[in-house]
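Reading through the structure tokens given below for one structure.
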Amino acid sequence: MLPYFRKMENDADFGGEFHGKDGPVPVRRYTREEWMPHAVAFHRACVDADFRDDPDQNHPESTGVSPRARNTIDGVRISMALAYLDPARHRMNLTIKGNVMVRRLLFQGKRAVGVEVESDGERFTLEGKQIVLSGGAIGSPHVLLLSGVGPAAPLQSVGVPVVHDLPGVGQNLRDHPAASVLYRAKGDKPDVQAPSIQVGLRYTVEGSYLQNDMQLSPTLMTSEHRPLHVTISDDDNYLGLSCSLQLALSAGELRLTSADPSVQPFLDYRHLTDPFDTERMRKAVRLALRLTEHPVWQDILRERVAPTDMDLASDATLDAWLMRNIGTSHHISGTCKMGPATDPLAVVDQHGRVHGLENLRVADASIMPDCIRANTNATTIMIGERMADFVKAER
């Protein structure tokens, strides 16, 4: 897969074997001169706690505290609409239709032949010689289930006729469970356009057998990482230290609540159902607290908001706080798991083709067997690049 990571990337800071220079997705890191005071403080505290100063977090042997690699240029995150779609809009063999909802896939026997869609209240069908489903780790299993592809009994319970009994669809929901140690900070609240994350720590939790299984990041509360369970004033200044568990052992599921495609599926994350996940999160929170005891934070932090001293009184009280405050890192994956047909949870093979069906592929984060040990953006783009070559090779 390395050639496909390199193909997508244009890294402004690093070259060599593990980085691309000519791809459509620009990647850069904030220089130390650009770091905000909390990023400088976090980096210093980590280094003084004997974590490695590692300039390139995207290197395979990376560990320690690093500037975060971003595809944000001049304050604009370069979406794949900008990087891939816009340059191709003029092509005569490409039609793009917005505000169109896919209701279900259409089959002739076990062969996918098209999709039923809805736009402005009108329903119509589109036929295709090859159907590639790229709805994301929520949208793709949702469409498959609405189309009668998935575990038979739950489909029948909501009135969806079964086309193909495939038990793994919607199962194996993986994510990076996250919780934030939250502080009130000194000074004025940063501008909403200020970079929310500039540096981060990747490390192996004490006693863990899984390498680099935790990310700690100082995070402004002006982003999607703002804790949902804590009420904070929009007029005040806050700073969070986000603890995000990589390679969690807990897995959830996505399931239908209705045969109506406009009704959202139910997401059951089941975070921290494995005791080892709770143990690692507990240790990460305590590490975040130790890092903020460094004198470098004296002019930055005012007081801790959460967890409280009562929450930190024992492992049991901290575990209870985690259960109340655990949330998502927005990295859902695994709901159409890749694997051999002998795997009861596998939905697609190594080429993204849906087991037991013809003419149908899935190409997005849902096919990851597990949530990768990193943010999912780059890997999802790589999946698209790899799948495109599979399709072209078959033609």
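No other residue among 380, 376 is of a type in the set (Ser, Thr, Tyr) and open to solvent by 40 Å² or more (accessible area, probe 1.4 Å) apart from 380.
Listed by position, the strands (runs of 3 or more DSSP E) contained in segment 60-175 that have at least 1 residues being over 28 Å from the mean Cα position of the chain (by Cα) are 101-108, 111-119, 122-127. The sole residue among 273, 335, 342 that is farther than 30 Å from residue 50 by Cβ, over 23 Å from the mean Cα position of the chain (by Cα) and among the polar types (S, T, N, Q) is 342. Within segment 101-119, the residues that satisfy the criterion of being loosely packed, with under 14 Cβ neighbours inside 10 Å, in contact with a strand residue (DSSP E or B) (Cβ under 9 Å, 6 or more places away or on another chain) and not charged (D, E, K, R) are 101, 109, 119.
In segment 199-217 there is no residue matching the filter, namely being farther than 19 Å from residue 374 by Cα and within 22 Å of the chain's Cα centre (by Cα).
Candidates in segment 122-152 are the residues that are open to solvent by 70 Å² or more (accessible area, probe 1.4 Å) and of a type outside the set (Val, Ile, Thr); of these, the one that is nearest to residue 334 (Cα to Cα) is 134. When residue 252 is tested against (1) touching a strand residue (DSSP E or B) at 6+ places or on another chain (Cβ under 9 Å); (2) under 26 Å from residue 41 (Cβ atoms); (3) open to solvent by less than 10 Å² (accessible area, probe 1.4 Å), only condition (2) is not met. Just the residues that are more than 19 Å from residue 314 (Cα to Cα) and in contact with a Cys (Cβ under 7 Å, 6 or more places away or on another chain), please, taken from segment 263-281. Across segment 263-281, there are no qualifying residues. None of 281, 338 is hydrophobic (A, V, I, L, M, F, W, C), open to solvent by 40 Å² or more (accessible area, probe 1.4 Å) and touching a helix residue (DSSP H, G or I) at 6+ places or on another chain (Cβ under 8 Å) except 338.
One line per residue, one yes/no per condition, for (1) assigned to a strand (DSSP E or B); (2) within 25 Å of residue 31 (Cα to Cα); (3) open to solvent by 30 Å² or more (accessible area, probe 1.4 Å); (4) touching a strand residue (DSSP E or B) at 6+ places or on another chain (Cβ under 8 Å):
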| site | (1), (2), (3), (4) |
| --- | --- |
| 202 | yes, yes, no, yes |
| 210 | no, no, yes, no |
| 216 | yes, yes, no, yes |
| 228 | no, no, yes, yes |
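No other residue among 322, 318 is over 30 Å from residue 135 (Cα atoms) and in contact with a Ser or Thr (Cβ under 7 Å, 6 or more places away or on another chain) apart from 322.
The values are calculated or read from the model by the stated rules, or taken from the named source; none is laboratory data. Bear in mind that the values here come from a model prediction, so they are computed numbers and not experimental data. For neighbour counting, all protein chains shown are included, and Cβ atoms are generated from backbone atoms with ideal geometry for every residue, glycine included. Side chains included, ligands, DNA and RNA excluded: accessible areas come from the protein's heavy atoms. Shrake-Rupley method; radii C 1.70, N 1.55, O 1.52, S 1.80 Å.
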